[in-house]
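Enquirer: Dumping the structure here so I can ask a few things about it.
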Amino acid sequence: MAMLPWTQIDTVLLDMDGTLLDLHFDNHFWLELIPAKLAERDGVSLDAAKARMQKDYDAVTGTIAWYCLDYWAERLQMDIVSAKREVQHLISLREDTIPFLDALHDSGRQVVLVTNAHPGSLSLKVERTQLDQHIDQLISTHEFGVTKESQSLWQQLQARLGFDPARTLFVDDSLIILEAARQFGIGHLLAVSNPDSKKPVREIEEFPAIQDYRYLLEDIRRNPVVRDS
């Protein structure tokens, strides 16, 4: 279980998909539903459609295009938002998310969502989960034109929010993104080892990792932020 020095953490930056929400929705949508739609529309096998999509994904991984619904709508000639709504019932919060967010809020910490998700996807997920009621600020990296994989994003984000990197915790399920945050100088990092409820827990050695935020609640509440008077 990850142990964090909460007396040294004032700001908490949180990823969304796989970190606060179950990643099963996104994995099902991009790896199963979209290839199935392409196979049916184009008259090809499901395996061929999956192979095509994997090639397309690999070409833009880590860039803003990978996360951009407009890019995929044009690339695939498909209404991506409507397709997402077909399976929106799969959008769900992790069971430990709200207790975690409430503990962070009650302890006086600044809590900010920083997601690579397209604003359209963010809006749909907020609509389904009311996540915005538990977070101080929601930010899509599309506002900055670069993703969390980029140092430019972290520079722009720090300029906007004014957080102290040394006193900031960043939580994400992507090890590549956590490494980018470490390179920028974010002082405290936490990986999520079970982002998709339908897949096995991952073994993570590069960063402190957690399966259930509820193990952190007592520690968070015991160490509230002390503001200078």
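The values are calculated or read from the model by the stated rules, or taken from the named source; none is laboratory data. Keep in mind that what you see is a predicted model, and the values were worked out from it rather than measured. Counting neighbours? That spans all protein chains shown, and the Cβs are built from the backbone with ideal geometry, glycine included. Just so you know, the surface numbers come from the protein's heavy atoms only, side chains and all, with ligands and any DNA or RNA stripped out. Shrake-Rupley method; radii C 1.70, N 1.55, O 1.52, S 1.80 Å.
Enquirer: Taking region 58-78, which residues are within 16 Å of F29 (Cβ to Cβ) and more than 21 Å from the chain's Cα centre (by Cα)?
Expert: Of everything in region 58-78, those that are within 16 Å of F29 (Cβ to Cβ) and more than 21 Å from the chain's Cα centre (by Cα) turn out to be A73, R75, L76, M78.
Enquirer: Same structure, new question: Among what's in region 115-168 and is part of a helix (DSSP H, G or I) and among the hydroxyl-bearing types (S, T, Y), pick the residue that is farthest from L69 (Cα to Cα).
Expert: S152
Enquirer: Within region 174-229, can you find the residues that are part of a loop (DSSP other than H, G, I, E, B), among the charged types (D, E, K, R) and open to solvent by 100 Å² or more (accessible area, probe 1.4 Å)?
Expert: K198, K199, E203, E205, E206, R227, D228, listed by residue number.
Enquirer: Right, another one. Going through S140, S123, S107 one at a time, which residue ends up being of a type in the set (S, T, N, Q), touching a Lys or Arg at 6+ places or on another chain (Cβ under 7 Å) and under 29 Å from F163 (Cβ atoms)?
Expert: Every option except S107 fails the conditions.
Enquirer: Collect the residues in region 105-136 that are of a type in the set (D, E, K, R), under 20 Å from R221 (Cβ atoms) and either open to solvent by 60 Å² or more (accessible area, probe 1.4 Å) or at pLDDT below 95 (or both), keeping them in residue-number order.
Expert: D106, D136
Enquirer: Hey, S150 hits all of (1) open to solvent by less than 10 Å² (accessible area, probe 1.4 Å); (2) more than 25 Å from D22 (Cβ to Cβ); (3) under 16 Å from the mean Cα position of the chain (by Cα) but one; which does it fall short on?
Expert: Result: S150 fails condition (1) only.
Enquirer: What are the pairs, 6+ residues apart or on separate chains, where a residue within region 156-180 that is within 21 Å of L216 (Cα to Cα) has its Cβ under 6 Å from a residue that is charged (D, E, K, R) and part of a strand (DSSP E or B)?
Expert: Between residues of region 156-180 that are within 21 Å of L216 (Cα to Cα) and residues that are charged (D, E, K, R) and part of a strand (DSSP E or B), the close pairs are L178/D172.
Enquirer: Out of the residues in region 58-98 that are open to solvent by 60 Å² or more (accessible area, probe 1.4 Å) and of a type in the set (D, E, K, R), state the one that is nearest to D15 (Cα to Cα).
Expert: E95
Enquirer: Here's a follow-up. Looking at L101, L138, L76, which one is in contact with a His (Cβ under 8 Å, 6 or more places away or on another chain) and not hydroxyl-bearing (S, T, Y)?
Expert: Of L101, L138, L76, the one residue that is in contact with a His (Cβ under 8 Å, 6 or more places away or on another chain) and not hydroxyl-bearing (S, T, Y) is L101.
Enquirer: Return the residues of region 31-57 that are within 19 Å of the chain's Cα centre (by Cα) and open to solvent by 60 Å² or more (accessible area, probe 1.4 Å); say none if nothing qualifies. Lay out the reasoning, then the answer.
Expert: The initial filter retains those residues of region 31-57 that are within 19 Å of the chain's Cα centre (by Cα), namely 31, 57.
Passing the criteria: only L31.
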